[in-house]
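Here the structure comes first, spelled out in structure tokens, and everything after it is commentary.
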Amino acid sequence: MKEQTRMKSRSRRRAGRRAYDDAPVGLALISSEGRFLQVNPRLCTLLGYTRRQLLRTTLGAVTDPHDLEFVGSNSRRLLAGEVDEIRLEQHFLRADGRPAPGRISASVATGVRDRSFACVLELDEAGERRLSGALKGGDEIHSMLDDFFDGIVATDDNGRIASFNRAAQRLFGYQMGDVLGREAELLIAEPYREEFAGFLAGWMRPGRDATATPGSREMWGRRKDGSAFPIEFRATRMLLGGAERFVGILRDISEQRAQTDALEYQTLHDVLTSLPNRTLLNDRLHQAILAGSRQRKSAAVLIMDVDGFKDVNDTYGHHVGDQLLQQIALRLEGLLRGSDTVARLGGDEFAILPALGMGGDDGATTAKKILQALQQPFLIDEHNIRIAASIGIAVYPLDGQDAPTLMRHADAAMYVAKRARCGYSVYAPRQDVPIAAHLQLEGELRHAIAHDELVLHFQPKVDLRIGKTIGVEALVRWQHPKLGLVPPGQFIPAAEETGVIKPLTQWVLNRALQQSRIWLDSGLDIDVAVNLSARNLLDPDLPATARELLDAWRVDPGKLKVDIPEGSLMAAPVIETATHLGAMGIGLAIDDFGTGFSSPAHLSRLPVREIKIDRSFIAAKLGQVDDSVLRPIVDLGHAMGLKVVAEGVEDQGTLDRLLGLGCDSAQGFHLCPPIVAADLTPWLRHAAWGVSDGTQPRRMQ
Ligand code: C2E
Ligand code: MG
């Protein structure tokens, strides 16, 4: 029994050896340093070396120098265990110096002490024709075919499986016996069977040139268990056992396919939000335009930019900024229908491509819906973050006939919306002019600062107890050579985004303190308040700048107030700068109080002296908003030991109610609108609510 087994294994070994020696492809065992350890005769013939010569040389020596690095790096990956096998298209260098294109497949050899790899080397010149010639028949064929990494399936004239190598068995889960004599279509999954049958029939046709380039195609294979998997399929005909056979060389490309799918996904989607990216959006827009022109339907595209996103990033860090973008993406997706595309174009820019048939009006409705949804604060890492957005809308075919034009016009409309702070804007041809407005704006603003195109208006702040002005707020405007007087709402956001806010604030501080000096010199003893942006508070140079200017104009720090937007108050660096300013003696006020989410705990950590209730709570609304809304705000301020200032007082009735609520001071058109210093000086001297002359304080009730 034992003897029998031994003989069997010996004969199997001999058969294997023969298959190795007779193999029509080059076979080799190569050491980890690239030396040939074993080579078969075919390899010697293919490369034109004797066996001894080859055994003294290396794979590198028979590789075209151009491919050396490529082959080297892949072999290293194989030896490092990063991949199980490699299959490379490469050029070999034959003994006569001629390069020959071919392929090398290799896997790490098992059972060899040194980490070597077993290779199959094919040179195109030898071709598959030789392979066929060399195959003689029977078991030998099978054992020979078993040397291949690829599945090899040969059929007889009727398309029935005649040979099925080991790799094919692994691939499909069938044993040789399961499939011999059965139709090859068995191995192909729907819906590819028909195609395959036709293909096979074509190959079987008598007279077909057996040496024709086989070519390869991709289809789906079907395993014994019924599961399908992508395969690459190369077909050829060869002489097997004296008969001409159709031979399919099959390779599982699931991994490759998964990789290409992943790659495709990666190139078409935004990593952070998983939304389609600009490339995919452009493609979809292009498709929408084509479909729109066929079906005579309109197609709208909306471009949305998050206002003040940079601030969020600067204030809370990129980590929070990233999460904000993800949440925005989710909100947008939740809001829109499955047939709409939501894309992230990059940064804080998103685009929405609604389903076909949407015009400008529907676009506006969608924009409103989006803006409304974004109004709800975002809760990220315990921060309540509020954002706003600007949306531009362009509609095919009215606003453009192709994707790039539509995108450009939606972008232009978006910038119009941003500048006007109106939420959204539908493209209008005149918007073409400021297309690059956002780019220009930065340059223009810098120019404006350098050329004194900015002007300060001042608005008095009246102490309600004495009915007299105790301070003024400096509000910047841009005296634009073409556009006239531009309000700050139209350029401060851009200044914040571009960083121009730094020189701008410096300009404002300088002018405000200069004016303060003038008033103080003329006996008008009032404070001057300057507005700061969140970004200013992230600028560590700010306290030093303020110090220099205070010194230059010889103004007591106690005469300077700064208004800090409530929304900026959470970040540690902001608190640090604010604390620094406070320590210098500068008065801090929280601007737009009630619109952000500062907690008493936060406020108590800051040297704040004042809260300014946002005018949205005061102007017009006071009639509608009952005191139960305002009173807690006023009381909270007082409980924290802060003065409460009401902004936007537009009529006497409002003023009376604010007095009743116990507000400390007020600003508003009713008292005095913001005006230039030259006009304000006489007002301060002579108006009823002007500066106290030290005599009779006037009660306001
Ligand atoms: P703010 O600090 O809340 O300024 C008050 C705004 O309310 C001013 O608008 C003022 O003109 C307006 N206002 C005053 N009284 C009334 C009223 O009775 N009713 C109504 N409806 N509005 C009134 P303005 O000048 O357009 O400034 C808007 C915002 O721009 C300011 O809001 C401030 O946040 C910002 N800003 C202005 N100047 C500067 C500056 O120099 N630097 C920075 N960073 N921001 C500034
Ligand atoms: Mg202010």
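Each value in this text was obtained by applying a stated rule to the coordinates, not by laboratory testing. Note that the structure is a prediction, hence the values are computed from the model and not measured. Here the Cβ is made from the backbone with ideal geometry for all residues, glycine too, and neighbour counts use every protein chain on show.
Some points to look at:
- Volume of the convex hull of region 440-686 (Cα atoms only), normalised per residue: 127 Å³.
- Gain in span if fully extended, GLU33 to GLU82, counting 0.36 nm per residue against the direct Cα distance: 15.9 nm
- Computed from the C-beta positions of ARG103 and HIS318, the FRET efficiency with R₀ = 45 Å rounds to 0.45.
- Spin-label pair ARG465-THR45: with each label point 7 Å from Cα along the Cα-Cβ axis, the two points sit 11.1 nm from one another.
- Cross-link pairs beyond the 25 Å C-alpha cut-off, checked among LYS561/LYS643; LYS418/LYS502; LYS310/LYS418; LYS310/LYS502; LYS418/LYS482; LYS418/LYS561: LYS418/LYS561
- Computed lengthening from GLN376 to ASN510, 0.36 nm per intervening residue step minus Cα-Cα distance: 44.5 nm
- D by Stokes-Einstein for region 346-471, Kirkwood Rh over Cα pairs, 37 °C, 0.692 mPa s: 187 µm²/s.
- The Rg/Rh ratio for region 269-427, using Cα coordinates for both the radius of gyration and the Kirkwood hydrodynamic radius, is 0.97.
- Amide hydrogen proximity for ASP64: with H placed 1.01 Å from N in the peptide plane, the residues at 5 or more positions away or on another chain lying under 5 Å are HIS91, PHE92, LEU93.
- Potential lengthening of the chain between GLU264 and HIS447 amounts to 61.4 nm, from the contour at 0.36 nm per residue minus the alpha-carbon distance.
- Between the amide H of GLY308 and any residue lying 5 or more places away or on another chain, no distance stays under 5 Å, with hydrogens modeled in the peptide plane.
- Temperature 10 °C, viscosity 1.306 mPa s: under these conditions the Stokes-Einstein estimate for region 469-559, based on its Kirkwood radius over C-alpha pairs, is 113 µm² per second.
- Applied to region 353-367, the Karplus parametrisation 6.51 cos²θ - 1.76 cosθ + 1.60 on θ = phi - 60° returns per-residue 3J(HN,Hα) values of 10, x, 4, 3, x, 8, x, x, 5, 5, x, 5, 5, 4, 4 Hz, with x for Gly and Pro.
- Spatial separation of Cα centroids for region 386-412 and region 488-555, in angstrom: 37
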